[in-house]
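Structure record follows, encoded as structure tokens.
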Amino acid sequence: MALFRRRKTSGGASPGRPANRADLEHLENFVRTRPGVEAFIEPQTTVTETTVILIADDGEWTRRRIDSPENARRFAHRLAIPIYDVRLVGYPQRMRDFNERRKRRPELY
């Protein structure tokens with residue numbers, strides 16, 4: 001009996017929920033409701049699928065699954081926002097500052 005046998009996927013990531021319309025709607029709403037949003041592609045890992053993280057001018061951010069890096073680029077192009085590969089440029093300082101503010105004052109967020 002194979003109780004602990006795992007299914008393998010072609011990319012190495014564990015099978016999870018694929019990106020769906022609700023994910024894209026959330027991302028679109030974030031872009032529409034915040035100034036200066038930039039997109040960052042986060043690569044697929046052995047634990048997570050490919051994701052896109054959106055970061056606003058004040059450092060507020062949100063992350064959702066996306067089907068592929070190419071679809072992330074199409075999404076950003078459609079919404080006319082810049083997109084970067086996080087492996088090449090890293091995360092902006094404003095995101096780290098936002099996370100620090102949120103840690104110090106969680107009641108505000």
### Query
By how many nm would the segment from HIS26 to ASN71 grow when fully extended, if each residue of separation counts as 0.36 nm and the alpha-carbon distance is taken off?
14.7 nm
### Task
List, in order, the whole-Hz ³J(HN,Hα) value for each residue of segment 78-87 obtained from phi through the Karplus relation with A = 6.51, B = -1.76, C = 1.60 and θ = phi - 60°; use x for Gly and Pro.
4, 8, 6, 10, x, 9, 10, 8, 4, 5
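Full extension from THR46 to ARG104: what is 0.36 nm times the residue separation minus their Cα-Cα distance, to one decimal in nm? All intermediate terms of the calculation are to be shown ahead of the outcome.
Working: separation 58, 0.36 × 58 = 20.88 nm, distance 3.19 nm.
That pair, THR46 and ARG104, stretches by 17.7 nm at full extension.
Could you calculate the FRET efficiency of THR33 with LEU88 from 1/(1 + (r/R0)^6), where r is the beta carbon distance between them and R0 is 22 Å, rounded to 0.05?
Efficiency, rounded to the nearest 0.05: 0.20.
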### Task
Taking amide H positions as placed in the peptide plane 1.01 Å from N, state which residues far from ASP85 in sequence (5 or more) or on other chains have amide H under 5 Å from it.
ILE41
### Task
Tell me, rounded to the nearest percent, the portion of alpha carbon pairs in segment 21-108 spaced more than 22 Å apart.
24
### Query
Each residue of segment 47-62 in order: what ³J(HN,Hα) in whole Hz does its phi give by Karplus 6.51 cos²θ - 1.76 cosθ + 1.60, θ = phi - 60°, with x for Gly and Pro?
10, 10, 6, 4, 10, 10, 10, 9, 10, 7, 3, 7, x, 4, 9, 8
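A short reminder: the numbers here are calculations on the coordinates, not readings from a lab. The model shown is predicted, which means the values in this text are computed figures rather than measured ones. Heads up, the Cβs are rebuilt from the backbone with ideal geometry, glycines too, and the neighbour counts pull from every protein chain shown.
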